[in-house]
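Accompanying notes for the structure given below.
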Amino acid sequence: KRFHGGLEGFMRTNKKQAAGDDVKVRGISAFGAGKMNEKTKAFARVDLYDPSDKAGDDREYLVIGGIDLALAEGIHLMPNFTATAYQDANADAEVIPRATLYFKF
């Protein structure tokens, strides 16, 4: 009742890609949320993505985290962020702050 989460992974083979080779695409995601009190939850997700087993520096890492504030029944404000980092040393990491307003009517 206080925590839920999961783990998901995938692997796909793209047949006859660059130079006629098969390319394996892989990823894994872990996610969860937990109650802090009756009106507040924290949530997080971490993704690891490898778009090609043929390239050595193409992995991507994504982190999402935030707080879910229940303002009233059916109304939630969720300040959150996404951060993306890349294995490639020439690619800059990205951090994006966000706010999500959810309402159900």
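Between a residue in region 1-27 that is within 16 Å of residue 58 (Cα to Cα) and any residue that is modelled with pLDDT under 85 and surrounded by 12 or more Cβ atoms within 10 Å (Cβ to Cβ), which pairs come within a Cβ distance under 6 Å, given they are 6 or more apart or on different chains? Qualifying pairs under 6 Å: 23/17; 23/54; 24/53. Out of the residues in region 47-63 that are open to solvent by less than 50 Å² (accessible area, probe 1.4 Å) and touching a residue at least 24 places away in the same chain (Cβ under 8 Å), state the one that is farthest from the chain's Cα centre (by Cα). Among residues in region 47-63 that are open to solvent by less than 50 Å² (accessible area, probe 1.4 Å) and touching a residue at least 24 places away in the same chain (Cβ under 8 Å), the one farthest from the chain's Cα centre (by Cα) is 52.
On the basis of being over 15 Å from the mean Cα position of the chain (by Cα), closer than 22 Å to residue 29 by Cβ and modelled with pLDDT under 95, does residue 89 make the cut? Answer is no for this residue.
Among the residues of region 19-46, those that are farther than 25 Å from residue 65 by Cα and open to solvent by 80 Å² or more (accessible area, probe 1.4 Å) comprise 19, 24. Inside region 85-105, residues that are of a type in the set (A, V, I, L, M) and open to solvent by less than 60 Å² (accessible area, probe 1.4 Å) make up a count of 2.
If you go through region 69-84 and keep only what is open to solvent by less than 60 Å² (accessible area, probe 1.4 Å), in contact with a Leu (Cβ under 8 Å, 6 or more places away or on another chain) and in contact (Cβ under 8 Å) with a residue 24 or more places away in the chain, you end up with 69, 76, 78, 84.
The values are calculated or read from the model by the stated rules, or taken from the named source; none is laboratory data. As the structure is a computational prediction, the values presented were derived from the model and not from experiment. For neighbour counting, all protein chains shown are included, and Cβ atoms are generated from backbone atoms with ideal geometry for every residue, glycine included. These area figures cover heavy atoms from the full protein model, side chains too; ligands, DNA and RNA do not enter into them. Shrake-Rupley method; radii C 1.70, N 1.55, O 1.52, S 1.80 Å.
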